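The values are calculated or read from the model by the stated rules, or taken from the named source; none is laboratory data. Only a predicted model underlies this, so the values are computations on that prediction, with no experimental measurement involved. Here Cβ is always computed from backbone atoms with ideal geometry, including for glycine, and neighbour counts include all displayed protein chains.
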Amino acid sequence: MFNENSLTDLIKELKEKKKEITHSLILSKMSLGAVVRLIFCYKLEGVILDLRAYRLRAYYHENKDTLLIKGKNAFFTIILKPILL
């Protein structure tokens, strides 16, 4: 579950160490479930969950930009969003 206090502690710790605080650092410390809950809480699903805009290989070289559904590759599209969630 999303715990705002743990993120606040992390931010304070990084400020004390004078390290840069980035969006990706904060997101990496949160669980996927917490991120999804925040997306729906702020009603951002129409923008953020448009999977056509994402290239997963850009984040890790072994990621694929396709989804395996019933043994067949399917490219990310708006139609697949309900299946993923």
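Total residues in the range 1-22 satisfying the condition of being modelled with pLDDT under 80 and either hydroxyl-bearing (Ser, Thr, Tyr) or within 18 Å of Tyr59 (Cβ to Cβ) (or both): the figure is 2. Total residues in the range 43-68 satisfying the condition of being of a type in the set (A, V, I, L, M), farther than 20 Å from Gly33 by Cα and at pLDDT 75 or above: the figure is 1.
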